[in-house]
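To keep things clear, I will list the structure first and then write my remarks on it.
Each reported figure results from applying straightforward, stated rules to the coordinates on display, with no laboratory input. As the structure is a prediction and not an experimental result, all values here were calculated from the model. Don't worry about glycine lacking a Cβ; one is built from the backbone with ideal geometry, like all the others, and counts go over all protein chains shown.
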Amino acid sequence: MCPNCGSIRILCFAAWLRVVSSIPVVVVCLQLGLPVGETLAADAPPQITYDDHILPIFRQKCLSCHNLDKKRGDLDLGNYTSLMQGGSSGEVVVPGDSDSSYLYLLVTHESEPAMPLDSPKIPAEMIEKIGQWIDGGLLENTGSTAQVSKKPKQSFALAAPSNERPEVVPMPPRLSLEPVSHTPGTTAVSALATNPWSPLLAVAGQRQVLLYDTQKSELIGILPFPEGVAEVLRFSRNGSLLLAGGGRGATSGQVVVWDVHTGERVFEIGDELDTVLAADISSDQTLIALGGPQRVVRVFSVESGEKLYEIRKHTDWICALEFSPNGVLLATADRNGGLFVWEGWTEREYLTLKGHSATVAGLSWRSDSNVLASGSEDGSIRLWEMENGGQIKKWDSHGGVASLQFTRDGRILTCGRDGHVRLWDQDAKQLSDVSGFGDLAVEVAFCNETDQMIAGDWTGAIRVWKAGDGQAMNELSANPPTLAERLDNAKQELSASEVEAQSAAETYRLATLAANEATANHLKAQESLRQLQQQKQTWQADVVTLKNKLDVAANDYEVAEKRAEVLIQAVPALAEAATQAETAAKALLDDAELLEATTRLRQSHRLRAEELAALEQSKPDRSQALSSFRDQVSATEQKIGALTTTISAAEQQQEATAQVAKSAGEKMAASQQTSELAGAARSKSQQHVTHWENEIAFVTQLNRLVAEHVTSRETVLERERGHAEAVAKVEVAKQAATAAQAALTEAEEELARIAREIAISKGIQEPAGSPGQAEQVSQVSE
Amino acid sequence: MHKALFLPAIYLVSSWLSGAAWATEAPALRALHVYPRDVQMTSSRDRQSLLVQAEYENGITRDVSTEATWVLSDPAIARIEGNVLYPLSDGTGELVVAYAGHETRIPVVARDTATSLPISFRVDVMPVFMKTGCNTGSCHGAARGKDGFRLSLFGFDPAGDYFRLTREISGRRINLAELHESLFYKKGTGQVPHTGGKRFDTESEYAKILVRWLEAGAPDDQGEVPQVTAVEIYPEHAVLDGLGANQAINVRAKYSDGTDRDVTTLAYFMSNNDNSATIDQAGLVTAQNRGESFIMVRFGTHTEGSHFITLPKDLKFQWQEVPANNYVDELMFKKFKKLCIQPSELCTDERFLRRASLDIAGVLPTVEQYEEFLADPDSHKREKLVDELLSRKEFVEMWVMKWAELLQIRTTREISYKAMLRYYNWLQERIANDVPMDQMVRELLGASGGTFTNGATNYYQNETNTLKIAENVAQVFMGMRVQCAQCHNHPFDRWTMNDYYAFASFFSQIGRKQAEDPRERIIFNSESGEVNHPIGGRQMKPKFLGGAEPDLQGKDRRVALADWLASPENPYFATNLANIVWAHFFGRGIIHEVDDVRISNPPVNKELLEALGRKFTEYQYDFKKLVRDICVSRTYQLGTQTNETNANDIRNFSHASLRRVRAEVLLDIVSYVTDTKNKFQGLPAGARAVQIANGNTSTYFLTTFGRAERGSVCSCEVKIEPNLSQALHLLNGDTVHQKIQTGNLVGKRLEEGKSSEEIVEELYIRCLTRRPTDKEKQELQVILAAEEEQKLALEDVFWGVLNAREFLFNH
C-alpha cells in the first residue's frame, strides 16, 4: 500500500498529523512502513506498473506466444495473476530483484533461451522499464490511486430486440469527407455492410470506414479507424449503430462502435492480439461477440465493456459470426469448416452444424431467425434450420464462396472466387448473375432500400448492380482522394473549363462574324443577279423594238424598191409617150388636147423621173438604215447572250453564298451551344470548387470543435479525478488518523495499565524500578 | 619457383612464425583459382560476386579474395565493388586477378545491360522464402503450415504458394494499398510478433525484393518462367588450415533461358558436419575441429556440395609409405594423404582368419583350419583363404540371406508359404549359379507369370502399391530414398515430385489376377494404367530416375526399366551394389547408410566407390570378384588398433572397426562352438539360421539380436546395436547355458581324456580363434584348481568365453 502513496499526499498527511497530534511525523511514517527519505523526496520517479507500462511491452513483444490461449512454456504474461504464477520453469519474477528474475535474464539474453525467440533483443528502454518494474516491487497498477473510469458506462440496451423499421431513418449527419489515408494503389476490399433501414453503405478502407449514400451513389462520410483495417462491418439490427471489427494483423484487434445518427464513435471493445475477423452486436444491443485468428470467440457486455464469456471450441481462426435477428442465438464459424450455434445469453452450445470442409467465409440469418445461411471456401452454400440443425438446402457455386448475405425478403446474395456475384432464392434458383471483376469477388452487401447488389473484389474495385435485371450502375471507391486533392482537382477542372468556356465564346464570336459576313455576301450576290436580270429584260425589250424598226425599214425598203422598179419601167414609157405625144402634137399642132395631154405626159414623166431620182438618191440611206438596224439587233442579242452567262455565274455564286451563309449560321448556332455548355460546365466546376472548399472549411471547423470537446472533456475528467483523489486522500488520512488515534489510545491504555501495575506493585511493596523509569512513566502519563 | 620473388614479405614472415606444415619454409603457391570461371551479366540488375582461392603445395587452400588485386580489361563494361561485378554497358572483357605473383584471367561478358527484368514471383520472391527459412518443415513448410499460414515445403508448389500468399485470405498477407502493412513482410522483418522471430532486416536484400514485388502489384508470373537447370558451388573443394580459418562460398544458378545469376545471397547453406566446419547463412565457412565436411547449398530444387577438409593448424604430417595390395588400397591411401591420416598396421593372421571367415562365410574356423592357417608359410595365404571361403556354400547362403532381406522374402497376406519358398529358391539358384547381378535384377523386375511358376514375380506381391514399389526399387537398386518426393521436392537431394511420379509410372501397369490355386497369383503386363501428378493431376510419362524419358510404345514398362536399371547407363546401380557389398565387410558403407544415397550424403571416397562400381561392371556384375578385391585389400586387413593420426577416424576405414556379429551368424556360431543343432521351420535339424527362408520366422534369440523381419527394404532392418536384453539373454537366458549343456562339449572332451588345459585351449580357438594368453591361462588355472568338479568349472569358462565381447564381435 504505502509505496503507492504520492509524496505530496504524505506531506499533507504529515502536516495534518502535526496539527492533530504531537507524535513526530517520522514515527508515523515508520509505523506505516514508509521509507522516510523516499516519501519526503520532492520528485519521486514515476511508478512503473504492470498495467500501464509492462503489459504494453509484453503485448508488443511477448504475448504472441505467452498468452492465455497459447501459453508457451505454460506461461501467460497477459494478466498479472497468471504472470505471478509463473510458467513451467517456476516463478519468472522475484520482487525487488531483477537480476534474479528469470524473465529479466531471458529478455536481457543473459540466460537461455534468449527471448523473444530467434529475434534481436527488445529495445533497451523496454528492458530498463521491466527492470525498474521488478525492482520497484512488481506493482500491478497505481493501486491506491483513485481510479476514475476512463470509459463511462454505456447503455445502448434496448427493451427488446429491434428488427423493425425505426421511426427515424438512420442516416448520419453531415460528416467529414477528409480521408484518413489515400494510397496510390488499392488492395482487396475487406468489408462491406449496408444499413438495414436506410440507403447507407459502409465500406472498409485503410484506417477508415467510408459511408456512401446508395441512392445518390455519393460519399457522405468518413469515419477514422486508426486501429488499422476493418475486417468486418455490421449495422445493428435497427440500423442505429455501426460496428467495425479489425485491427492490425498479429498486433492488435478490437471492435469500434459508432452511432449512425450522430456519426460519433461511442465506444470500443476488445483487446485482441491479432486482428478481429468477425464481430456482431446482438439485436437488443447488449452483447458484442468477436473472434479472429486466436480461435476464441469472446462475448462482451456492451453496458460494462466487460468480457462475459469465451467460446473455445473452434480449432481454427474464427472467420464469421452473427447473432440471430431475434437476439437468441449466436452462430460462429471457423477456417476449418467448424460451425456452431450458441445461446447468446447463456453461452450454452445449441447446435453443431456439420458439413463444411473448408473456411466458412460467410454466415447470415434469415430475418425470422429460423434459417441460417452459410457459405464456404469448399464452394457450397448451405441453409440450416434451427429446430434440429438440419441442412435443408445445399448447392455449389463460385468454386469457393467468399461472402454471403440474406436479404430482408429472404433472397441470398453471394460472391466468390470466380469473380461472380449471384442472387438466389431459397430454392437455389439463380435470380441474378453478374460479373465484371478481373479478380476474386471478396465481399458482398445487399441494399434492401434501393434493391442494389454491391460487391467488392480483390483489386479493391466496388461495383453496384440493380438486383432486378442485374444492370450495372456505378463504381464506388474504398480509397477516395483527400479533400485537398479533390479541391485541387476541382480547381484544375475549373481552370480547364474556364479556358474551355473562353475559347468556346471566342469561337462563337468568330462564327457570328463569319455568319454575318456570309449573309451580306449572299445578299450582295442576290442584288447583282437581280440587276443583271433586269438589264437582260431591258435589252430584250430593246431587241423587240429594234426588230420592229428593222421590219418597218425593211418594208420601206421593199416598197421603195418595188416603186423604183415600177418607175424605172414607167419613166421611159412616159418619156416615150411624151415624145410620141409631142411628136403627135407637133404633128397635130395645136391639138390642144393633145398638147395638154402632152404636157400632162411630160409633167407626169418629169414627176415620175424626179420621183425615181429621189428614190435612187435615197436608196443608200434606206439600205444603211436597214443594215444599221440589223447590226443593232444582232449586237443587242449578243449582249444578251453574254449577259445570260454572267447571270448563270451570278446564280451559282448566289447559291454558293447561300450555302456558306447557311453553314456559317449553323456553325454559329453550334458554337453558341458549346459556349453555353462550357459556361454551364464552368459554373459546375465553380460549384465543385466551392463544394470542396466548403467541405474543407467544415472539416477544419469540425476538427477544431472536436479538439475543443476533447480538451474540455479532459478538463472535466481531470477535475473529477482530482476531486476523487482528494476525497481518497482525505479518506486515507482519516484512516491513518483513526489508526494513529487507536494507537494512541492503546498506548495510553498501556500506560494506564503500567501505571496501575506500578501502583499495585507500589501498594504491595516499595518501588523496585529505577527512579528514571518511574520518572519517564510519570512524564508520559502527564 | 617464383616464391622468393613474389610472395609478400608479410606472408613469408607469418608462415615462418607459425611453422609451415611440411618444412620450415613456407609452402609454395600451387595455383590461383578464381570462381566462377567466367562472368556473364545479362540485365541491368545482374551482378556477379567472385572469390579467389589460393592453393598451396601442401594442399592447404586459403581464401585470398580480399588480398588479390582485380583489374578489368575494359572498365566500361562493369564496375568492381568489393568482390562484386556490376554491369555498366554491353561488351566483353577479361578480369585479371593477381595474387602473390600468380595471375588468373577469366572472361567477362555483359549484355542487355540496359534491360531491367520485371520482378518474378518464382525467380525472385520464392528464393527468399527458402533462404530465410520460411518454407522449412518446422515452419510454414509444414504439412498444415504454421500459425495459419502454409507455404509448400521448400517451394515445390509455386502456384499454390502464390495463391496462399495473395488470395487465400484476401487483404491480410499482402496489402497493396499500404505495402509496408503487408503481414508477411511485417512478420518476416520482425515488426510484429512472429513465432519464427525476425528473419531479415527491413534494409536487407530480401526485404527489398519483397517490397519490389509488392510495388509491382504482387503479380503472378506470366508465360514461361526460366527454370534453374544447374547450381554451381565454389570453391569446389577446400582444405582449411586450423580452427577458425575461413572460406567464403559462392553460388551461381544457371537457368533454362541460358542466363545465370549470382545466388550466393539467396542460397541456403548447410554443413553435414558442424564439428569440422560450420557455415553461416552469409556463406562463410569457418573451420572447427579436424575432419571432413560437406558444405551444401540448396537453391530451388537443387542441392550441391563442396568437399571441405579441416586440418589442425600447422599440422606436421609425413606419410609413411605402405604397400597397396590393389586399387582399393591405392585410392584409400590417396584419401588418407589428403586427410593427413596414417592407416593402422595389418592385423594378425588369427584376427584375419576369424574376420574373413565370419564376414565371407558366416562361420568360425575349426581348430584344424586354425592350426593349418597359422602354420602355412605361404605369403599369399590370406588370399588363398579368401578364395577358399568364397568357394564355400556358406558364402552363397550368406548372400542369399542378404538379398532375401533386400527383396523382402517373407510370407505375407499376399504371399503364401509356398510362394515364398518359390521366391527363395529362385533367389538361391541365381546366387548359387553365379548369375550376374544385372541379369538377376532384370529377371526380377521384369518378372511375369504365376507366383508359383516364376518365383521372382513374388516381388510384386510383397508390395502392391505402385508408389511404394517405385520407392522400394529406388532404395534397393539405386540406394535412394525418394519417399520425400511423394509429397514435396526432396529437401536434400535433387529429386522433385516430377521425378518421383515419372519414375513411379514404370510400375503403373502391373496386372494381377487369380490363378487356379487360390494361393497363387499371376503377375502380367496390363498395358494400361497411369500415374498422375497430385498437383495439377497431369499424367506422368515414365522417366528413369536421373535418366532419360524412354520410348515405351508397345513395351513392358518394367522390362524397359529393368534393362536401364541394371545397365551401365544407370550411374547408381553398380556403385550402389558395390557399396552394399563394401558395407558388409566394413560395417559401414562408403556412402552410409547404404540406402541413403543423396547429394547431401556424399561418399567418403568417391573415387573408390566409382572404381568399385566400374570394376563390378567390368566383372559382368559378378560380385564374388568384387568381394575378393575387397577382402584381399590391405584396407580390409588393417588392425583395430589406431595410431595418433587416425584415432578419431570413424568414417574413412583407416583402421578396422568392431562390429557385433549379426543375429543369424551369431546363433550359428554359438551352435557351432557348443556343438548343438537348431531346428527352424521348414529346415532339417542342424540347419543354420542363415538358411532360414522366411523373414517371418524367428526365434527369441534372433529377434533379440535384431534379425531383419524383412518388413521393409530399409537397411536399418538388420540391427547390430548391442542392447541390454541381448546381454541379459546371453548371461541369464536359456540359449547359451542350455546349448553348453546340450552340446556337452566339455563332457565329451573330458571323456576323451583331455586335460583341462587342453580343453581351455580348444574352447579359445573354437570361439575366439586364438590361444589363451599366458595371463589368461594362469588365472584360469587358479579357478580350475579351486573347483573339484572340472566339468562344471570348464563349462563356466566356456560360458564366460561365450559371453565375452571378443566372441560377440567381429574385429
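So how far apart, in nm, are the two label points at A:E558 and B:E607 if each is 7 Å from Cα heading toward Cβ?
That separation, rounded to one decimal, is 14.9 nm.
Using 0.36 nm per residue of separation minus the Cα-Cα distance, give me the extension gain between A:A669 and A:A759 in nm, one decimal. Write out the running numbers ahead of the final one.
On the way: separation 90, 0.36 × 90 = 32.40 nm, distance 13.06 nm.
Taking A:A669 through A:A759 to full extension adds about 19.3 nm, to one decimal.
Using a 10 Å cut-off around each Cβ of peptide B:177-189, what is the average number of partner chain Cβ atoms that fall inside?
Details: counts 15, 9, 4, 0, 8, 2, 6, 1, 0, 4, 3, 0, 0.
What the average comes to for B:177-189 is 4.
How would you rank B:R164, B:R79, going from fewest to most other Cβ atoms within 10 Å of each one's own Cβ?
Listing B:R164, B:R79 from fewest to most nearby Cβ atoms yields B:R79, B:R164.
Below 13 Å, Cα to Cα, which aspartates and glutamates can B:K131 reach? Residues fewer than 8 away in the same chain don't count.
Answer for B:K131, where 13 Å is the Cα cut-off: B:E205, B:D280, listed by chain and number.
In what sequence do B:F503, B:F121 fall when counting other Cβ within 10 Å, fewest first?
By the 10 Å Cβ count, ascending, the order reads B:F121, B:F503.
If R₀ is 25 angstrom, what is the calculated FRET efficiency for the pair B:L374 and B:T742, using the beta carbon separation as r and rounding to 0.05?
Working: r = 30 Å, r/R0 = 1.22.
It comes to 0.25.
What does the charge count around A:M473 come to, taking other residues whose C-beta lies under 15 Å from its C-beta (Lys +1, Arg +1, Asp -1, Glu -1)?
Details: positive: A:K216, A:R463, A:K466; negative: A:D213, A:E218, A:E449, A:D451, A:D469, A:E475.
So the surrounding residues net to -3.
Using DSSP to define loop residues, name the GluC sites (Glu not before Pro) in the stretch A:288-337 whose beta-carbon has at most 11 other beta-carbon atoms within 10 Å.
Sites meeting the loop and neighbour criteria: A:E306.
Summing +1 for each Lys or Arg and -1 for each Asp or Glu, what net charge is found among the other residues whose Cβ lies under 10 Å from the Cβ of A:D99?
Numbers: positive: none; negative: A:D97, A:E110, A:D135.
In short, -3.
By average Cβ neighbour count within 10 Å, what is the ranking of A:502-515, A:274-287 from highest down?
Details: A:502-515: 16.6, A:274-287: 25.9.
Answer by packing, highest mean first, reads A:274-287, A:502-515.
Taking H placed 1.01 Å from N in the peptide plane, check which residues at least 5 places from A:H420 or on another chain put their amide H under 5 Å from its amide H.
Hits under the 5 Å cutoff: A:A441.
Work out how much length A:K639 to A:R721 would gain on full extension: take 0.36 nm times their residue separation and subtract the Cα-Cα distance, in nm to one decimal.
Values: separation 82, 0.36 × 82 = 29.52 nm, distance 11.89 nm.
Extra length from A:K639 to A:R721 when fully extended: 17.6 nm.
Report, ordered by chain and residue number, the lysines lying within cross-link reach of A:K684, taken as a straight Cα distance under 22 Å and ignoring same-chain residues fewer than 8 apart.
Those lysines meeting the cut-off are A:K216, A:K491.
What's the average, rounded to a whole number, of partner chain beta-carbon atoms within 10 Å of each residue's beta-carbon in A:248-255? Could you put the intermediate results ahead of the total?
Numbers: counts 4, 12, 10, 5, 1, 0, 0, 0.
Counting other chains' Cβ atoms within 10 Å and averaging over A:248-255 gives 4.
Give me the lysines in straight-line cross-link reach of A:K394: C-alpha distance below 20 Å, same-chain residues under 8 apart excluded.
A:K354, A:K429
Assuming a ≥ b ≥ c are the square roots of the Cα gyration tensor eigenvalues, decide whether the stretch B:652-720 counts as rounded (a/c under 1.5), prolate (otherwise, with a/b larger than b/c) or oblate. Please report the intermediate quantities before stating the final value.
Working: a/c = 2.64, a/b = 1.32, b/c = 1.99.
Oblate, since a/c reaches 1.5 and b/c is not below a/b.
Each residue of the stretch B:109-119 in turn: what ³J(HN,Hα) in whole Hz from Karplus with 6.51, -1.76, 1.60 and θ = phi - 60°, glycine and Pro shown as x?
Those phi angles translate into 10, 10, 9, 6, 6, 8, 8, 10, 6, x, 6 Hz.
Long-range amide H contacts for B:Q40: which residues qualify at under 5 Å (H placed 1.01 Å from N, peptide plane, sequence gap of 5 or more or a different chain)?
It is B:V109, by chain and number.
Average partner chain C-beta neighbours within 10 Å, per residue of A:166-175?
0
At 7 Å along Cα-to-Cβ for each site, give me the label-to-label distance between B:D551 and B:D38 in nm.
Label-label distance for B:D551 and B:D38, simple model: 3.3 nm.
For labels at A:A541 and A:A743 in the simple 7 Å Cα→Cβ model, what's the distance in nm?
Each label point is offset 7 Å from its Cα along the Cβ direction, giving 14.7 nm.
Take the Cα gyration tensor of chain A, multiply each eigenvalue by 5, square-root it, and list the three semi-axes largest first, rounded to whole angstrom. Don't skip to the answer; put the middle values down first.
Details: eigenvalues 3125, 255, 92 Å².
Working from the Cα gyration tensor, I get semi-axes of 125, 36, 21 Å.
Mind ordering B:547-559, B:344-356 by average Cβ neighbours within 10 Å, highest first? Write out the running numbers ahead of the final one.
Values: B:547-559: 14.2, B:344-356: 19.2.
So the order, starting with the most tightly packed, is B:344-356, B:547-559.
Taking the Cα centre of the stretch B:652-811 as origin, sum charge times position over the Cβ atoms of Lys and Arg (+1) and Asp and Glu (-1), and report the length of that vector in debye to the nearest 20.
Details: 20 positive and 22 negative charges, 157 e Å.
I would put it at about 760 debye.
What ranking do B:135-148, B:514-527 get when scored by the average of other Cβ atoms within 10 Å per residue, highest first?
B:135-148, B:514-527
Work out from phi, with θ = phi - 60° and the Karplus expression 6.51 cos²θ - 1.76 cosθ + 1.60, the ³J(HN,Hα) of each residue of the stretch B:223-239, listed in order in whole Hz, and give x for Gly and Pro.
Per-residue couplings from phi come out as x, 6, 9, x, 9, 6, 9, 7, 10, 10, 10, 10, x, 6, 7, 8, 10 Hz.
Which pairs in the list B:K337/B:K624; B:K334/B:K624; B:K677/B:K754; B:K393/B:K624; B:K606/B:K719; B:K337/B:K606 are over 20 Å apart, alpha-carbon to alpha-carbon?
On the way: B:K337/B:K624 30 Å; B:K334/B:K624 25 Å; B:K677/B:K754 24 Å; B:K393/B:K624 13 Å; B:K606/B:K719 27 Å; B:K337/B:K606 15 Å.
B:K337/B:K624; B:K334/B:K624; B:K677/B:K754; B:K606/B:K719, as the Cα separations exceed 20 Å there.
With a cut-off of at most 11 other beta carbons within 10 Å, and DSSP calling the residue loop, which trypsin sites (Lys or Arg not before Pro) in the stretch B:409-466 qualify? Please list them.
Details: sites: B:R410, B:R413, B:K418, B:R422, B:R430, B:R442; in loops: B:R410, B:R413.
Here the trypsin sites (Lys or Arg not before Pro) that fit, given the DSSP loop and packing criteria, are B:R413.
Kindly write out, for the stretch A:284-295 in residue order, the coupling ³J(HN,Hα) from the Karplus curve 6.51 cos²θ - 1.76 cosθ + 1.60 (θ = phi - 60°), rounded to whole Hz, with x marking Gly and Pro.
Values per residue, Gly and Pro as x: 8, 6, 9, 10, 10, 10, 8, x, x, x, 7, 6 Hz.
Grab the other residues whose beta carbon is less than 13 angstrom from that of A:V276, score K and R as +1, D and E as -1, and report the net.
Working: positive: A:R234, A:R248, A:R295, A:R298, B:R172; negative: A:E227, A:E231, A:E268, A:D271, A:E272, A:D274, A:D280.
For residues surrounding A:V276, the net value is -2.
Distance between the C-alpha centers of the stretch B:418-481 and the stretch A:283-344? Whole Å please.
61 Å
Amide H to amide H under 5 Å from A:S252: which residues, 5+ apart in sequence or cross-chain, H placed 1.01 Å off N in plane?
A:T275
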